[in-house]
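I have placed the structure first, in the form of structure tokens, so that the comments after it can refer back to it.
The values are calculated or read from the model by the stated rules, or taken from the named source; none is laboratory data. In this text, all values refer to a predicted model and were calculated from it rather than measured experimentally. Here the Cβ positions follow ideal geometry from the backbone for every residue, glycine too, while neighbour counts run over all protein chains shown. With ligands, DNA and RNA removed, areas are computed over all heavy atoms of the protein, side chains included. Shrake-Rupley method; radii C 1.70, N 1.55, O 1.52, S 1.80 Å.
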Amino acid sequence: MDKNNKKINKPKFNSYWIYGLVSLFFISTYFIGGDNSVSASKNINISSFEKFLAKSEIKEVTVVNKSIAQVTLKRDALNSPDHKNANSTNFLGQKNINGPHYVFEIGNLELFQNKLELAEKKGIQFNYNFKTVENKWFDVIIGFLPLIILVGLWIFFMKRMSGGGGGGSQIFNIGKSKAKLFDENIDVKTTFKDVAGLQGAKEEVQEIVDFLKNPTKYTKLGGKIPKGALLVGLPGTGKTLLAKAVAGEAKVPFFSLSGSDFVEMFVGVGASRVRDLFKQAKEKSPAIIFIDEIDAIGRARGKSNMTGGNDERENTLNQLLTEMDGFGTNSNVIVIAATNRADVLDKALMRAGRFDRQIYVDLPDVRERKEIFAVHLKPIKTIKNLDTDFLAKQTPGFSGADIANICNEAALIAARKLKKSVNKQDFLDAVDRIVGGLEKKNKIISPEEKKIIAFHEAGHATVSWMLEHASPLVKVTIVPRGQSLGAAWYLPEERQIIKPEQILDEMCAALGGRAAEKVIFNNISTGALSDLEKVTKQARSMVTVYGLNDKIGNLTYYDSSSQNEYGFTKPYSDVTAQIIDQEISKIIETQYQRAIKLLKKHKNKLVELADFLLDKEVIFKEDLIRIYGERPFDLKKSK
Ligand code: ADP
Ligand code: ZN
């Protein structure tokens, strides 16, 4: 199928013979120097040995390293049929008179020696020696280390040459592109119909489809066809799907490869793979090349890297840029790359004529989630009027891939229960399972622990219910799942800008669990770890990232061009560091006290809710309304 493959057969010259040669060498030294070759002798157990000894068939016993005994038989014993399995010929097929013929593990040395002494007393004659053998392999390897290094270096340079030498990759076949080729009409059946939501992104890639279908329409007027588009979005948001749909719509072949596939240990391989990929694609043009995780090769060059291991990545990136610049405007190959971190990419990638189009693929909103559900529910047998609005509302922050996963999981759950169709509860169970992991039915929780958990979760629920800006609650559970012992679930509003009062309310709600433990038991526990982690992060980013703190003021220590948060050194002085720490702890303490105050005020309801939770294990919004009454803020909003 591939022209290059034929060429490979011609020179019978590949790396295997080198490895073969080296191993042959080792094997032969092993046998030739093998007068004490332990593993070449037949293994027996100690009782067989005692039998042979009693029959006086043994000429010599040598204990090696105090653990293994090598046994050499007397010459006439060797001819007996009892010993036809013994190691009686050497590797050249000659009669092995010198032995050793058997080996066995002696177990306790003292006991073994006692046995030998006993035999000696009975008048049985044999020789008995001791010896210590160091690890033979180790010796051999140390002895030949220089040679191994030389051979290794030689292979290394051969590979390097083959990588950099223009099509020379035939020698080792490592530089071959691993791209899977999805041939036009056969494989790419994906179309825009399979991509739900993503309206904006679809419109933008529609143009690429037009280019591929009808290039002359654009080139006639002197326009240049774009060479690349960059899809930017979180994992699972449908970037691969979209790229495939472009190929499917334009009916062109689709080459897909992940950025990390380019980067291997050997120098020059990445660059040669890039070259090969583009060569194949050009042969099949018009075509689409899809490079997933382009950040694996496309990270900004020469930035804060002390390992020095990045030359290979840079070479690969350079080769990619060269290829993209190189192919003429009429080659009709379009490169679509995907990443979730456009900010770390090398600016050179984004220059005109390369990935000059950036298309953002966001997490779906409620409406889009409903559409994605619709796509993935098609093959699933559900009950008649399944409420997809409800499902979409229950899954904020879920990606397309998560939703596909939920649909599948729900079908499996229903099947496990031998149902004829999948209902709403199955979907809710699937959501729970995907968010929280498997329900731990047999996790042992003492009644006392359970009570603490119930009050902790009831604390979250109560505080968030009482605060205007905290996210509304969806459900509270004390069913242990995965790592968590209980959980309060909120419906976060989908918002782009967050106001300080919203962050503070959310922090207060997150501290509500621990505050409830304090108010009820006058005690706190380790159960609030993840709450504390979340709150600390939020407080820190208020102070150091978003400029929301009076003392620190309107500045940020965030650096979008840096790969780690602050680079290697903190961008502020020690004095500022102290202020930051103080401010963070002040923010958190204030919210904690606020939560305590709230819970003290509503202690009766907190107890009522916790008792109800202990009884029911899972409670929903309706139960909270029953206990607390409607949230006043929600009423205001709906007016
Ligand atoms: P990415 O490449 O962004 O990580 P994928 O394209 O591989 O994500 O998406 C994984 C799967 O999730 C797809 O195969 C598809 O089943 C589902 N999916 C994601 N987004 C959508 C969408 N917008 N419409 C339909 N299915 C989607
Ligand atoms: Zn908590």
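Things to note:
- Close pairs (7 angstrom Cβ cut-off, 6 or more residues apart or separate chains): touching a residue at least 24 places away in the same chain (Cβ under 8 Å) in the range 371-397, within 16 Å of ligand 1 (Cβ to nearest atom) and basic (Lys, Arg) anywhere: ALA392/ARG369; ALA392/LYS370; THR395/ARG369
- Test for LEU234: is it surrounded by 24 or more Cβ atoms within 10 Å (Cβ to Cβ) and either out of contact with any helix residue (DSSP H, G or I) (no Cβ under 8 Å at 6 or more places or on another chain) or at pLDDT 85 or above (or both): no
- Filter result for PHE390 (crowded, with 17+ Cβ neighbours inside 10 Å and either part of a helix (DSSP H, G or I) or not assigned by TED's automatic domain parsing to the domain that holds LYS534 (or both)): no
- Here is the figure for the range 215-231: residues that are open to solvent by less than 70 Å² (accessible area, probe 1.4 Å) and either of a type outside the set (Val, Ile, Thr) or within 33 Å of the chain's Cα centre (by Cα) (or both) total 10.
- Scanning the range 78-88 for residues that are open to solvent by 10 Å² or more (accessible area, probe 1.4 Å) and modelled with pLDDT of 75 or more yields a total of 5.
- In the range 89-107, the condition of being in contact with a strand residue (DSSP E or B) (Cβ under 7 Å, 6 or more places away or on another chain) and modelled with pLDDT under 60 is met by at least one residue.
- Looking only at the range 325-383, and only at residues there that are small (Gly, Ala, Ser), surrounded by 16 or more Cβ atoms within 10 Å (Cβ to Cβ) and at pLDDT 80 or above, the one that is nearest to GLN280 (Cα to Cα): ALA337
- Sole exception among (1) at pLDDT 90 or above; (2) more than 11 Å from ligand 2 (Cβ to nearest atom); (3) over 20 Å from ARG540 (Cα atoms) for ALA516, by number: (2)
A quick yes/no check of all residues on (1) within 16 Å of ligand 2 (Cβ to nearest atom); (2) farther than 24 Å from LYS605 by Cβ; (3) touching a strand residue (DSSP E or B) at 6+ places or on another chain (Cβ under 6 Å):
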| residue | (1), (2), (3) |
| --- | --- |
| GLU448 | no, no, no |
| GLU468 | no, no, no |
| ILE498 | no, yes, no |
| ILE524 | yes, no, no |
| GLY527 | yes, no, no |
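- Any chance ILE68 is in contact with a Gly (Cβ under 9 Å, 6 or more places away or on another chain) and at pLDDT below 85: no
- Residues being assigned to a helix (DSSP H, G or I), closer than 22 Å to LEU363 by Cα and among the polar types (S, T, N, Q) - total across the range 205-246: 2
- Criterion violated by ASP426 - all others in (1) in the same structural domain as ILE208 (by TED's automatic domain parsing); (2) away from ligand 1 (no atom under 16 Å from the Cβ) satisfied: (1)
- Selection from the range 268-290 of residues that are in a helix (DSSP H, G or I) and out of contact with any strand residue (DSSP E or B) (no Cβ under 9 Å at 6 or more places or on another chain): VAL269, GLY270, ALA271, SER272, VAL274, ARG275, ASP276, LYS279, GLU283
- Qualifying residue in the range 258-273 (condition: within 16 Å of ligand 1 (Cβ to nearest atom), crowded, with 18+ Cβ neighbours inside 10 Å and aliphatic (A, V, I, L, M)): no
- When the range 238-295 is filtered for residues that are at positive phi and modelled with pLDDT of 85 or more, the ones remaining, listed by number, are GLY238, LYS251, GLU293.
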